[in-house]
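J.: Mind looking over this structure? Questions follow.
Each value in this text was obtained by applying a stated rule to the coordinates, not by laboratory testing. This is a predicted model, so every value here is computed, not measured. Every residue, glycine as well, gets a Cβ built from its backbone with ideal geometry; the counts of neighbours run over all protein chains shown.
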Number of protein chains: 2
Amino acid sequence: MPVQIQQKIAALGGGVGASKLLLGLYEVIDPEALTIIVNTGDDLVLHGLKVSPDLDIVTYTLAGIVDPLKGWGVRGETFHALKRLAAFGRPDWFNLGDRDLATHIHRSALLEEGKTLSETAESIRTALGVKARILPMSDSPVPTIIESNEGAMHFQKYLVKRRAQPVVTGIRFAGADAARPAPGVLEAVREASRILICPSNPLISIGPILAIPGVREQLRARKTAVFAVCPIVGGKSLKGPSDKMLAQLGYEATALGVARLYANFTGTFIIDPADKAQARAISELGMKVEILPTVMKTRAEKRKLASALLAL
Amino acid sequence: MPVQIQQKIAALGGGVGASKLLLGLYEVIDPEALTIIVNTGDDLVLHGLKVSPDLDIVTYTLAGIVDPLKGWGVRGETFHALKRLAAFGRPDWFNLGDRDLATHIHRSALLEEGKTLSETAESIRTALGVKARILPMSDSPVPTIIESNEGAMHFQKYLVKRRAQPVVTGIRFAGADAARPAPGVLEAVREASRILICPSNPLISIGPILAIPGVREQLRARKTAVFAVCPIVGGKSLKGPSDKMLAQLGYEATALGVARLYANFTGTFIIDPADKAQARAISELGMKVEILPTVMKTRAEKRKLASALLAL
């Protein structure tokens with residue numbers, strides 16, 4: 001039975017990792033009390049279309065149409081258009097399904113008509129019946145640029161086209177300094193009874209959101225209400241290249257390493273039982289430490305972690 | 001056995017009606033000797049994507065991928081993206097299949113990159129393996145506007161959304177006066193040994209091409225080499241609303257009515273045996289009249305008419 005929580009919850013996150021916890025939250029609270037602030041550093045323009053991977057992953061997941069095996073894209077998807085695009089000599093390293101394409105076409109058409117990215121996200125989530133608010137971190141493009149031994153490249157090119165093979169030497173959030181948080185972002189953090197940092201890549205999912213002027217400061221002002229779920233368990237990423245990227249950039253690829261990145265704005269840091277040995281070192285950074293199972297494979301585990309986080 | 005004709009052929013046409021004859025021609029001559037000048041008055045922007053229906057019908061037909069029953073779109077097409085676009089509240093009265101969408105996405109992306117419509121047509125036809133040259137009538141948008149008892153509307157809205165139900169009171173080719181023929185159009189007419197006017201709607205398929213400054217004059221200069229195939233047989237359109245539109249605009253919906261529209265630039269007017277009674281009246285307009293079966297249902301009939309036209 002869903003626990004009806006009337007208090008407002010704000011959650012910051014990226015794509016697949018965040019969506020697991022977000023789905024759990026969505027099912028255990030009044031979804032209308034949930035505001036999700038999503039990384040858009042991964043956004044890119046492909047074939048002239050604006051693609052917002054993390055916004056779409058979150059939206060598709062909460063709409064119940066996400067491909068359950070991949071964690072992104074639409075269930076039962078076909079790729080007829082992409083095959084044709086490839087035949088026209090267009091790049092096909094980024095998978096765009098036929099149903100998924102409609103999202104990008106719709107978003108691009110709205111942007112062309114003068115709508116903001118926030119307005120497109122709102123149009124898409126309401127059309128798909130998602131009751132939680134889904135906000136991009138900013139209405140301005142703030143592309144995440146990976147600097148590497150192969151040169152500088154867009155994050156998606158690093159992750160998808162080059163399969164996270166280049167050695168990362170730096171990360172830039174291009175244009176972040178001049179960007180503003182999307183409407184509602186700062187308010188959501190200010191007004192929430194709890195703010196959750198989802199188990200997403202700290203560098204390229206949470207990092208871009210923190211880079212938008214005002215966000216980190218607003219989180220810091222709400223520090224005791226900020227609960228961060230560690231995405232590294234036993235020295236490994238739950239999903240994606242977080243561990244490798246942390247190590248390549250000189251951070252510890254451990255819960256403690258992530259904790260150091262979050263310590264100045266997080267009140268409570270949640271680690272998996274596998275990392276309980278690091279609890280003391282983390283608490284010395286000035287955060288409460290809570291130990292909860294953070295590996296969510298089943299729907300029940302997602303709901304359980306969400307409920308446990310709200311009960312802390 | 002294909003008759004190898006080394007002389008250059010130019011053909012002017014619209015979509016489905018023209019494509020029947022064009023396919024016949026394509027199969028009986030050296031396709032590289034064929035230049036097709038296509039109506040782009042039907043072009044429209046849908047969901048931010050540039051759609052060129054007649055260019056695509058011709059290209060898909062010659063590429064062998066057209067839907068054989070409809071005469072437009074791609075064979076075996078799916079419509080997953082369109083269903084989603086409709087769910088996002090976007091108009092879905094214009095059928096856009098998943099494979100077909102790739103064409104519009106590719107064309108739009110090239111235009112966005114600064115390419116001309118001619119260059120996009122060239123990219124698409126070569127990628128699809130079409131050996132004939134396919135030229136838009138102009139690189140500038142020249143939308144066909146139907147004036148009717150329901151007001152002014154884009155031709156596609158009149159034809160597809162309103163199913164040719166409004167009563168037509170006028171036709172405008174918006175921007176035609178300032179448009180230029182696409183590169184190669186005038187040269188193709190000037191250099192061809194024969195110029196064929198395909199059996200297309202004279203008002204809204206051939207009419208827009210003639211409205212581009214210089215085209216009608218160039219045809220007139222080659223009058224004896226111009227062969228026009230009448231699209232009206234026995235007072236009815238072979239395809240589409242030509243007969244109705246002619247009547248509503250005060251023209252005779254007969255072979256003679258079409259002949260009057262073409263007389264000042266056509267040397268030979270080809271009518272079906274069904275209309276042989278009009279041959280004398282047509283010849284009095286100053287054109288030779290030839291009688292050939294113009295109703296092409298089978299591939300053999302398409303090839304036969306094409307061969308017969310070249311043998312005149």
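J.: Out of every Cα-Cα pair in segment B:156-312, what percent are more than 28 Å apart?
T.: I get 21 percent for the Cα pairs in segment B:156-312 exceeding 28 Å.
J.: With +1 on each Lys and Arg Cβ and -1 on each Asp and Glu Cβ, how big is the dipole of the protein assembly as shown about its Cα centre, in debye rounded to the nearest 20?
T.: Charge dipole, the protein assembly as shown, about its Cα centre: 840 debye, nearest 20.
J.: Which pairs, out of A:LYS8/A:LYS50; B:LYS115/B:LYS157; A:LYS161/A:LYS239; A:LYS276/A:LYS297, put more than 25 Å between their alpha-carbon atoms?
T.: Flagged as over cut-off: A:LYS8/A:LYS50; B:LYS115/B:LYS157.
J.: Turning to a different aspect of this structure: ³J(HN,Hα) across segment A:256-272 via Karplus (A = 6.51, B = -1.76, C = 1.60, θ = phi - 60°), whole Hz, x for Gly/Pro?
T.: Rounded to whole hertz, the list is 4, x, 5, 4, 4, 6, 9, 4, 7, 9, 10, x, 10, 10, 9, 10, 6.
J.: Let me ask something else. May I ask for the angle, rounded to the nearest 10°, between helix A:98-112 and the longest principal axis of chain A, with both axes built from Cα atoms and the value confined to 0 to 90°?
T.: Relative to chain A, helix A:98-112 is tipped by roughly 90 degrees.
J.: Quick check on segment A:158-245: take the gyration tensor over C-alpha atoms, sort the square-rooted eigenvalues as a ≥ b ≥ c, and tell me if it's rounded (a/c under 1.5), prolate or oblate.
T.: Because a/c hits 1.5 or more and a/b fails to exceed b/c, segment A:158-245 counts as oblate.
J.: Also, quick follow-up: Using a 7 Å offset from Cα along the direction of the beta-carbon, what are the separations from B:ALA300 to the same position in each other copy, nm, ascending?
T.: 7.0
J.: Further, regarding this structure: Determine ³J(HN,Hα), in whole Hz, for all residues of segment A:124-130 in sequence, where each value follows from phi through the Karplus function 6.51 cos²θ - 1.76 cosθ + 1.60 and θ = phi - 60°; x replaces Gly and Pro.
T.: Listing the rounded values in order: 6, 5, 5, 4, 8, x, 7 Hz.
J.: Turning to a different aspect of this structure: Taking only C-alpha pairs under 8 Å that are 6+ residues apart, what is the relative contact order of segment B:43-128 in percent?
T.: Relative contact order comes out at 26 percent.
J.: Relative to the Cα centre, what is the charge dipole magnitude of segment B:142-208, using +1 at the beta carbon of each Lys and Arg, -1 at the beta carbon of each Asp and Glu, and rounding to the nearest 20 debye?
T.: 220 debye
J.: Rounded to whole Å, give me the distance from the Cα center of segment A:133-160 to that of segment B:107-155.
T.: What the calculation gives is 34 Å, centre to centre.
J.: Using a 10 Å cut-off around each Cβ, can you sort A:GLU32, A:GLU290 from fewest to most neighbouring Cβ atoms?
T.: A:GLU32, A:GLU290
J.: Please find the FRET efficiency linking B:LYS223 to B:ALA174, where r is the Cβ-Cβ separation and R0 is fixed at 41 Å, and quote it to the nearest 0.05.
T.: 0.90
J.: For chain A, what size does the Cα cloud have along each of its three principal axes, sorted from largest down, in whole Å?
T.: Taking max minus min along each principal axis of the Cα atoms, chain A gives 57, 46, 38 Å.
J.: For B:ALA87, which inter-copy label distances result when the label point lies 7 Å beyond Cα on the Cα-to-Cβ vector, reported in nm to one decimal and in ascending order?
T.: Result for B:ALA87, in nm, nearest copy first: 2.6.
J.: May I ask you to evaluate 6.51 cos²θ - 1.76 cosθ + 1.60, the Karplus curve with θ = phi - 60°, for each residue of segment B:282-293 and list the ³J(HN,Hα) values in order in whole Hz, giving x for glycine and proline?
T.: 5, 5, 5, 7, x, 10, 5, 10, 10, 10, 9, x
J.: Let me ask another. Per 20 Å bin from zero, what fraction in whole % of the C-alpha pairs of the protein assembly as shown is there, up to the bin with the longest pair?
T.: P(r) for the protein assembly as shown, in whole percents per bin: 19, 40, 23, 15, 3, 0.
J.: While we're here: Give me the tail of P(r) for segment A:207-284 as a percent: Cα-Cα pairs with distance above 14 Å.
T.: For segment A:207-284, the share of Cα pairs beyond 14 Å comes to 61 percent.
J.: Let me ask something else about it. Considering only B:HIS154, B:ILE9, B:ALA109, whose Cα is most displaced toward the positive end of the charge dipole of chain B, charges sitting on Cβ of Lys, Arg (+1) and Asp, Glu (-1)?
T.: B:ILE9
J.: Would you give the gap between the C-alpha center of segment B:1-67 and the C-alpha center of segment B:267-281, rounded to a whole Å?
T.: Using only Cα atoms to place each centre, the spacing works out to 25 Å.
J.: What's the Kirkwood radius of segment B:78-221 in Å, using all Cα pairs?
T.: Mean inverse Cα-Cα distance, inverted, gives 17.3 Å.
J.: Mind checking which of B:LEU85, B:LEU256, B:LEU186 has the largest fluctuation in a GNM of chain B, springs on alpha carbons under 10 Å?
T.: The residue with the greatest mean-square fluctuation here is B:LEU85.
J.: Relative contact order for chain B using alpha-carbon pairs under 8 Å, separation at least 6, rounded to a whole percent?
T.: 20 percent
J.: Using Cα pairs under 8 angstrom and six or more residues apart, how large is the relative contact order of segment A:198-266, in percent?
T.: Value for segment A:198-266: 38 percent.
J.: Sequence-distant or interchain residues sharing an amide H contact under 5 Å with A:VAL226, placed H: which?
T.: So A:VAL226 has HN proximity to A:ILE195, A:GLY267, A:THR268.
J.: Copy-to-copy spacing for B:LYS131, label 7 Å out on the Cα-to-C-beta vector, in nm, shortest first?
T.: Those label-point separations list as 6.3 nm.
J.: Pull out a ≥ b ≥ c, the square roots of the eigenvalues of the alpha-carbon gyration tensor of segment A:1-126, then state rounded if a/c is under 1.5, prolate if not and a/b is larger than b/c, and oblate in the remaining case.
T.: prolate
J.: Under a 5 Å amide H to amide H cut-off, with H placed in plane at 1.01 Å, what residues pair with A:VAL289 once short-range neighbours are removed?
T.: Close amide H contacts, sequence-distant or interchain: A:PHE269.
J.: Here's a follow-up. For segment A:1-150, give the magnitude of the charge dipole about the Cα centre (Cβ charges: +1 Lys/Arg, -1 Asp/Glu; no others), in debye to the nearest 20.
T.: That gives segment A:1-150 a dipole magnitude of about 320 debye.
J.: Using the 10 angstrom Cβ neighbour count as an exposure proxy, how do A:LEU261, B:LEU62, B:LEU96 rank, fewest first?
T.: A:LEU261, B:LEU96, B:LEU62
J.: Once you sort the root eigenvalues of the Cα gyration tensor of segment B:135-193 as a ≥ b ≥ c, which label holds: rounded (a/c under 1.5), prolate (a/b larger than b/c) or oblate (the other case)?
T.: Because a/c hits 1.5 or more and a/b exceeds b/c, segment B:135-193 counts as prolate.
J.: Still on this structure, I have one more. Which order results if A:THR169, A:THR224, B:THR294 are arranged by neighbouring Cβ count within 10 Å, fewest first?
T.: With the sparsest Cβ surroundings first, the list reads A:THR224, A:THR169, B:THR294.
J.: Check B:VAL233: other-chain or 5+ apart residues with amide H under 5 Å from its amide H, H built from backbone geometry?
T.: Answer set, sorted by chain and number: B:LEU238.
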